[in-house]
Amino acid sequence: MTHPRTLRVDYDKTTKVLCVVGSELNVKLHRSAPPRSMYFSVKCTPSVQYSISPPSLETSHLSPIPLNGNSVLLISMSRASQHENDSKLSVRYYGKDKEVLGRAVLHLTALEISLDVDADRDGIVEKNNPNKGSWKWGPNGHGAVVLVNCDSERSYGKKPDTEQDYISKVSDLKDMSVMVLRTKGPAKLPEGYKLTMHISQGDAESVRVFRSRSTEVGNNVLSDKLFNHFVKDYPLVLSSESLSQEVPYLGGVEEMNFYVEGLRFPDKDFDGLISINLSLLEPISSVLPETPIFTDKVVFRMAPWIMTPNTLQPVEVFVCSTSDNYQFLKGMKNLVARSGYKLKICHEYMNRGDRWMQDELEFGYIEAPHHRFPVVLDSPRDGDLMDFPYNELLGPDFGYVTRVAQRKDVSSLDSFGNLEVSPPVTVNGKDYPLGRIIIGVAFPTATKGRNMTKVVQDFLWAQKVQEPIALFSDWLVVGHVDEFMSFVPAPDRKGFRLLLASPDAGYKLFRDLQKDGHGQAKLFEGQGDAEPVTLDEVLSDEGFQAENNYVQSCIDWNRDVLKRELGLDDEDIIDLPILFKLEEDRANEYRAAAYYPDMVNMIVLGKNLGIPKPFGPKVNGRCALETEMCSLMEGLGLTCTFIDDFASYHKLLGEVHCGSNVRREPFDFKWWNLEM
């Protein structure tokens with residue numbers, strides 16, 4: 001990368017010049033020439049290179065060269081100086097008869113200076129990458145990555161590391177991106193010169209920079225006794241209170257590590273890109289400010305928050321324990337143990353009776369080439385589980401982020417049963433290797449209705465790497481997309497199937513059973529919390545069928561959106577037999593809820609599915625809905641486990657998925673390799 005710099009020189013004077021290797025000094029010769037000058041010649045020591053623009057026709061570098069108004073001397077140096085003023089260049093000016101009119105002399109000192117980052121994204125800070133000052137997506141792209149330091153390394157007084165302006169533990173350094181200042185040259189800078197690092201006010205709201213003052217002490221946690229000493233070893237260089245600061249020039253051949261800390265995620269007012277600059281300043285006089293003669297720039301992109309779909313490997317399952325969910329909890333414990341994953345139970349002293357683990361939070365992660373860790377997104381619903389994500393999950397290498405909304409703007413659609421993500425898809429030739437986020441909103445033509453709050457939608461869109469899809473979910477009482485859709489892994493086609501609730505499939509199954517003589521088989525039989533009803537009664541209720549026709553039309557609208565936005569064919573979709581009923585809500589409007597436990601609202605643990613037990617009509621001693629569900633899923637190599645959530649979740653308008661949450665392994669795909 002060439003850094004051109006205009007240099008002014010005076011004849012009959014010696015000018016001392018500090019030059020950075022890789023930069024080019026441009027001397028406009030006509031401006032500095034004595035009066036009546038017609039020719040010039042140049043002489044220099046071997047470490048200095050020069051050329052003339054426009055090129056001279058003279059064959060000897062000592063022959064006088066015609067001087068005109070456009071003559072520019074281009075000077076560069078190939079290596080750093082060992083001592084100050086150890087290189088020379090002189091320009092001799094001649095009159096019409098080639099008599100000498102004057103001479104300008106330069107004493108040159110060369111430095112190598114580079115501010116370096118991991119611009120090729122391989123985990124190593126290479127030297128002077130030519131692309132370090134810009135950012136490009138894709139496998140052949142470039143540009144460094146920085147993480148939001150949203151975990152907590154503190155052993156007491158828990159809060160995210162972004163809320164403290166010092167480094168208290170060596171372990172915190174791995175959450176930051178290394179930036180290296182490399183210098184080579186004389187033992188010290190010439191008098192008055194200095195190096196300064198600087199950042200814009202806008203970028204300083206998004207990052208901070210610390211530097212290493214002394215040798216690092218490994219990965220051990222320091223004792224409180226050494227705390228103050230340690231903080232001094234990593235002083236804060238740049239922040240919103242300090243936009244520019246002088247940094248040491250160490251002399252000789254040296255490297256100094258800096259640590260770049262992300263403070264906030266991309267959002268509506270922040271595109272994720274930040275720049276950090278290093279300038280070499282030249283003194284003019286003791287009463288005037290220094291001027292920059294060389295500036296190096298590096299660019300970082302803030303790592304986005306990434307959601308994980310059902311097709312990724314589970315790590316840990318989260319559920320709540322309440323006074324009335326024993327049956328549900330028993331079924332979940334058995335399922336998780338059989339699947340071989342960890343189970344984290346949030347007990348009642350923490351959940352305070354709020355059982356909706358899915359609605360309170362969403363698990364994701366952030367990643368840079370050198371490090372990654374899970375990050376929980378806390379929803380603005382703020383029920384009685386509101387303290388769980390912060391108090392129980394935030395910690396070392398477990399980050400936390402939330403978006404705060406005005407209470408008047410928060411609706412049921414801001415619970416994260418209304419936030420899902422698809423597996424990777426290709427749509428019309430465009431790849432989405434991290435899938436696409438799915439949210440539910442009001443119908444596009446609705447003049448009123450509930451929507452996911454704007455601050456959350458803005459956050460999701462700003463992450464860029466999982467472009468969101470908006471579905472129509474306001475037709476539901478609760479209004480969550482997980483009430484009518486889910487994804488399960490599959491061994492063929494696109495590697496997954498989209499499951500959709502389907503009243504049509506429910507009516508077809510029930511009519512076939514009725515035709516086979518099972519019209520008196522009863523739903524909810526043996527379930528004390530609901531009155532049993534026969535298939536004949538269900539199928540003869542014309543008003544109930546009209547309600548389900550309406551529900552099917554709402555789901556079909558979403559089906560078409562999902563096919564279009566995820567590039568799906570009908571063969572990629574499985575319709576599950578689920579009926580709904582309309583209920584009057586607090587606004588005196590009619591919205592839908594599942595009639596019997598909503599089997600699509602399931603938990604996916606690898607090839608094991610935890611499905612709400614539907615209590616459907618029994619045929620030959622077995623629930624016909626369970627039989628149908630097993631038939632549909634077992635063809636994909638999936639095992640169905642039916643969990644009784646009727647009294648403790650279904651009657652409260654939720655199911656298994658609503659009452660659970662899963663932290664999963666990250667994608668193998670690196671988000672910065674996306675083609676944008």
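Taken together, the values in this text are just the output of simple stated rules run on the coordinates, not laboratory data. Predicted, not measured: the structure shown is a model, and the values here were computed from it. In this analysis, Cβ positions are derived from the backbone assuming ideal geometry, glycine residues included, and neighbour counts consider all displayed protein chains.
To the nearest Å, what is the center-to-center distance of the stretch 521-582 and the stretch 258-285, using C-alpha atoms only? So the two Cα centres are separated by 54 Å. In whole percents, the pair-distance distribution calculated for the stretch 49-152 from its alpha-carbon pairs, binned every 10 Å from zero, is 11, 26, 21, 19, 15, 7, 2, 0. Spatial offset of the stretch 76-137 relative to the stretch 152-186 amounts to 33 Å, using the alpha carbon center of each. Using C-alpha pairs below 8 Å separated by at least 6 residues, the relative contact order for the chain is 11 percent. In units of the compact-protein estimate 2.2 N^0.38 Å, the stretch 394-457 shows a Cα radius of gyration of 1.43.
Sorted largest first, the principal axis extents computed over the alpha-carbon atoms of the stretch 306-673 equal 64, 49, 44 Å.
Note on the stretch 3-112: the C-alpha convex hull projects to 6.4 nm² when averaged across all orientations. Determine the percent antiparallel among the DSSP beta bridges restricted to the stretch 306-673, to the nearest 5. DSSP beta bridges in the stretch 306-673 are roughly 60 percent antiparallel. Can you list the DSSP H helices in the chain whose Cα atoms extend at least 27 Å along the helix axis and whose mean Kyte-Doolittle hydropathy is -1.0 or higher? Once both thresholds are applied, what remains is 542-566. Can you flag which of Lys174/Lys670; Lys13/Lys98; Lys158/Lys333; Lys13/Lys88; Lys136/Lys670; Lys563/Lys607 are past 22 Å Cα-Cα? Going by Cα-Cα distance, Lys158/Lys333; Lys563/Lys607 fall outside the 22 Å limit.
Estimate the FRET efficiency between Glu282 and Arg372 by the formula 1/(1 + (r/R0)^6), using the beta-carbon distance for r and 35 Å for R0, to the nearest 0.05. With R0 = 35 Å, the Cβ-Cβ based efficiency is 0.25. Divided by 2.2 N^0.38 Å, where N counts the residues, the Cα radius of gyration of the chain comes to 1.30. Label point 7 Å out from Thr15 along Cα-to-Cβ: which residues of the stretch 104-134 have amide N under 20 Å? Under 20 Å, as judged by backbone N against the label point of Thr15, lie 104-111 of the stretch 104-134. Residue-normalised convex hull volume from the C-alpha trace of the stretch 571-618: 138 Å³ per residue. Rounded to the nearest 500, the 222 nm mean residue ellipticity of the chain from helices alone is -4000 deg cm²/dmol, with -39,500 (n - 2.57) taken per DSSP H run of at least 4 residues. Its Cα gyration tensor gives the stretch 117-302 an equivalent ellipsoid; the semi-axes, largest first and in whole Å, are 26, 22, 17. Residues Ile75, Ile555, ranked from the fewest to the most other C-beta atoms within 10 Å, line up as Ile75, Ile555. When you restrict to C-alpha pairs under 8 Å that are six or more residues apart and normalise by the size of the stretch 309-408, the relative contact order lands at 22 percent. Restricting the GluC sites (Glu not before Pro) of the stretch 65-134 to loop positions (DSSP other than H, G, I, E, B) with no more than 15 neighbouring Cβ atoms within 10 Å leaves Glu99, Glu126. Note on Asp560 and Gln201: the extension gain reaches 124.7 nm, defined as 0.36 nm multiplied by sequence separation minus the Cα-Cα distance.
What the Cα convex hull of the stretch 380-491 gives, in volume per residue, is 153 Å³. Put the Cα centre of the stretch 188-202 next to the Cα centre of the stretch 436-475 and the gap is 46 Å.
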